[in-house]
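Take a look at the structure below.
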Amino acid sequence: MKDSSIQSNSIGKEFTFWSLLRFAFPSTLMMMVNSLYVIVDGIFVARFVGSDALAAVNIVAPAFALFMAIGIMLASGGSAIIARNLGEKDNVKANKNFTFITLCGIIIALFVCLIGFIFTEPILKALGANEILMPYCRDYMIIILCFAPTFVVQLIFQTIFITNGTPGIGMVLTILAGVVNMVFDYIFIVPCNMGIAGAALATGLGTLIPSIYGLFYFFSSRGNLKFIKTDLNWRVLGYSCLNGSSEMISNLAYGLITFLYNISMMRLIGEDGVAAITIIQYAEFLMSSLFFGFVMGVAPVFSFNYGSQNRAQTKRIFRICLITITVTSLSIFGIAEIFGKYVVGIFAPQGTYVYNLAANGFAIFSFGFILMGANIFASALFTALSNGKLSAIISFLRACVFISGSIIILPFILDVNGIWLAVPIGEALTFGVSLFLILKKRKVYGYL
């Protein structure tokens, strides 16, 4: 039954260039803060525990990426469905779908957590942990697994706050979570001398804030969206998974790429090579989070206007996004080239082998930032327009074929420089696919 008394949702208003940027700003900042407090973990680990511990964090990253991928898949795919329901003014259906998707996220995360506890050491060995790194990896992974449900719920709520028309709440909660994580990073690692386990515990505690507040908020019925009695709608779950599969692929692929980086670096250089690529991936994580945050902010707007068939607004939003992503991408590339060595210096002292290796690599790697934003936007655009198939094609080719293939092949030709070139080449190949699909579907969705 459709609810004609639904509140006017801010994702359905008429946007100008600056009003859209203001609307997307909270989600952009939210994602960057998310990445920053992961990076702060790395800084404390590198400075106060050591480069082997930093390498161990990267060894565990593929496993960590799995439940992050689950949360983002349900959040992105489910948000597109819920926003479309709101655009169709079916508030009851939107609330039922939201409640069911959240419950599924918790149950799936608990299952993944259980599997992780049972097979901890075999998983870590498969990811490349050797005798030196295994104790660090085990300490980090076991604690992270304990917080798997809150990681998933946090990601769902962050996206749903945007769909609810209240992105500022998600931004504030994420900042608070980041502050808590950073404070406890210092307390657990420095005075308490808990080592890498302290970094994992601080990260987990940070996720409790948006998760717990979100539960209270959506039970209190203060917004368009709230928890209500729901049905076992497996079709909605399947559609959410399918529609959000590209975002899941992106995160799982991040784990795959990290695994391939680690294996290649262990073969070419050893633990120092893993530490160097970890530093560069932290920088990549921060830069890509800016793009992910922006598209997370604008995606519900695309979904809403697709549901309401407002093509004029869709075209306006698309043009604004193109301008924003182009300017931002070129700016990030310039900043990375100029200040890259200073970023590396935060993690590794100047003059060390790890510093020299990472600084030289970053100068090559940063060329990938030029086209990264366009590819992230193209994939998110098709998710927002409920075409999970095309979105998944872009994400799969980008990460699992072009970048991963480059990591496997190029080091045999160019040695370690092949590793640094993998992302720039992978992004360039993906851009060709993204551009082709956007032009091909322009009349179907009316964004051009």
Point to revise | Verdict on Ala374 being open to solvent by 10 Å² or more (accessible area, probe 1.4 Å), part of a helix (DSSP H, G or I), under 27 Å from Asn356 (Cα atoms) and at pLDDT 90 or above | key: no
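Does region 156-165 include one or more residues that are of a type in the set (Ser, Thr, Tyr), touching a residue at least 12 places away in the same chain (Cβ under 8 Å) and either farther than 30 Å from Lys96 by Cα or outside any helix (DSSP H, G or I) (or both)?
To start, the set of residues in region 156-165 that are of a type in the set (Ser, Thr, Tyr) comprises 159, 163.
Pick out the ones that are also touching a residue at least 12 places away in the same chain (Cβ under 8 Å) and you get 159, 163.
Restricting the remaining residues to those that are either farther than 30 Å from Lys96 by Cα or outside any helix (DSSP H, G or I) (or both) gives none.
Scanning region 156-165 turns up no residue that is of a type in the set (Ser, Thr, Tyr), touching a residue at least 12 places away in the same chain (Cβ under 8 Å) and either farther than 30 Å from Lys96 by Cα or outside any helix (DSSP H, G or I) (or both).
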Check your understanding: Is there a residue in region 63-84 that is of a type in the set (Phe, Trp, Tyr), open to solvent by 10 Å² or more (accessible area, probe 1.4 Å) and out of contact with any Pro (no Cβ under 7 Å at 6 or more places or on another chain)?
Key -> yes
Point to revise | Ala177 open to solvent by less than 30 Å² (accessible area, probe 1.4 Å) and at pLDDT 90 or above | key: no
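Just a yes or no: is a residue in region 341-349 farther than 21 Å from Ser19 by Cα, aliphatic (A, V, I, L, M) and open to solvent by less than 40 Å² (accessible area, probe 1.4 Å)?
Of region 341-349, the ones farther than 21 Å from Ser19 by Cα are 341-349.
Add one more test, that the residue is aliphatic (A, V, I, L, M), and what stays is 343-344, 346, 348.
Going one step further and asking which of them are open to solvent by less than 40 Å² (accessible area, probe 1.4 Å), we end up with 344, 348.
Yes, because at least one residue in region 341-349 is farther than 21 Å from Ser19 by Cα, aliphatic (A, V, I, L, M) and open to solvent by less than 40 Å² (accessible area, probe 1.4 Å).
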Review point. If you scan region 241-270, which residues turn out to be surrounded by fewer than 21 Cβ atoms within 10 Å (Cβ to Cβ) and modelled with pLDDT of 80 or more?
Key: Leu256, Ile263, Met266, Arg267, Leu268, Ile269, Gly270
Point to revise | Enumeration of residues in region 86-102 that are surrounded by fewer than 24 Cβ atoms within 10 Å (Cβ to Cβ) and more than 20 Å from the chain's Cα centre (by Cα) | key: Gly87, Glu88, Lys89, Asp90, Asn91, Val92, Lys93, Asn95, Lys96, Thr99, Phe100
Review point. Which helices (runs of 4 or more DSSP H) sit wholly inside region 394-448 and have at least 2 residues that are closer than 17 Å to Ile277 by Cβ?
Key: 404-414, 416-440
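Residue under question is Met171, and the condition is that it be open to solvent by 10 Å² or more (accessible area, probe 1.4 Å), in a helix (DSSP H, G or I) and not basic (Lys, Arg); does it hold?
Spelling it out, Met171 is indeed open to solvent by 10 Å² or more (accessible area, probe 1.4 Å), in a helix (DSSP H, G or I) and not basic (Lys, Arg).
The values are calculated or read from the model by the stated rules, or taken from the named source; none is laboratory data. Owing to the predicted nature of the structure, the values given are computational and were not obtained by experimental measurement. Neighbour counts are summed over all protein chains in view; Cβ atoms, including those assigned to glycine, are modelled from backbone coordinates with ideal geometry. What goes into the accessible areas is simple: the full protein's heavy atoms, side chains included, and nothing from ligands, DNA or RNA. Shrake-Rupley method; radii C 1.70, N 1.55, O 1.52, S 1.80 Å.
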